[in-house]
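Next up is a structure, given as structure tokens.
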Amino acid sequence: MGVRAKARKFLLQCRYAADLSGSSVPACMEDLGFSTLFDPETRALIRGVAEACEENRAGISELVGGALTNWSPDRLFPITRLLLEQSVAEARFLGTPAPVVIREAVRIAEEFDQPGSGAFINGVLHRILVDGEDRRAPDGDARRRSGRTPRRRR
């Protein structure tokens, strides 16, 4: 497992601990050995994703809620919700490519979340990061960057 994968898992664990305990994510990060476990570059990545999650929480929650089909965001398991938020933040605000973020999120979900959640997370993140606004033409046209015109629903 690579350093970035360990960093993503570490941040998820810190965010989960903060969610359960009501303390801040930075406090949980320090409690779990943030300063000693990671080099400065990896610490910057972790901090960046944590800050992007916090600063953009409402927008990220709206994106996740909009990508759920026949599912309410409040029904998500905490790990699932946190992992989706973290993945969207990393792709949208730190510029990590969507395929990388999706692949890592599925791996983490298979390790920490409920059985079958990897496929669920894959679908939701794909709707947000690949099918969503990132795929729209710069002028707001609904055509995909590939030049195809989307099919009309009947």
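Laboratory data are not the source of any read-out in this text; all were calculated from the coordinates shown. Quantities reported herein were computed from a predicted structural model and do not represent experimental measurements. Positions of Cβ are generated from backbone atoms using ideal geometry, with glycine treated the same way; all protein chains shown enter the neighbour counts.
Give me the three principal axis extents of the range 1-105 from the C-alpha atoms, as integers in angstrom, largest value leading.
43, 32, 24
Taking the chain as a whole, which cysteines find no other cysteine Cβ under 4.7 angstrom from their Cβ?
By the Cβ distance rule, which asks for a partner under 4.7 Å, the isolated cysteines are Cys53.
For Phe77 and Ser23 in one chain, what is 0.36 nm times their gap in residues minus the Cα-Cα distance, to one decimal in nm?
In short, 17.5 nm is gained.
Now, a different point. Expressed in nm to one decimal, what extension gain is obtained for the pair Lys6 and Glu41 from 0.36 nm per residue of sequence separation less their Cα-Cα distance?
Full extension of this stretch gives 11.3 nm more.
Suppose only helical runs count, i.e. DSSP H with n ≥ 4. What mean residue ellipticity at 222 nm does that imply for the chain under -39500 (n - 2.57) per run, divided by all residues and rounded to the nearest 500 deg cm²/dmol?
It lands at -20000 deg cm²/dmol.
Return the tail of the calculated pair distribution for the range 56-121, meaning the percent of Cα-Cα pairs more than 21 Å apart.
Cα-Cα pairs in the range 56-121 separated by more than 21 Å: 17 percent.
If I model a spin label at Glu111 and Leu68 as a point 7 Å from the Cα along the Cα→Cβ vector, what separation in nanometres do I get?
Taking the two extended label points, one gets 2.6 nm.
Given 0.36 nm per residue, what is the gain on full extension from Leu94 to Leu32 after removing their alpha carbon distance, in nm?
Additional length available on full extension: 20.0 nm.
Give the order of Glu51, Glu62 when sorted by the count of other beta carbons within 10 angstrom, beginning with the fewest.
If I rank by nearby Cβ atoms, fewest first, I get Glu62, Glu51.
Give me a comma-separated list of calculated 3J(HN,Hα) values for the range 18-27, in order, Karplus coefficients 6.51, -1.76, 1.60 applied at θ = phi - 60°, integers in Hz, x for any Gly or Pro.
5, 4, 6, 8, x, 8, 7, 4, x, 5
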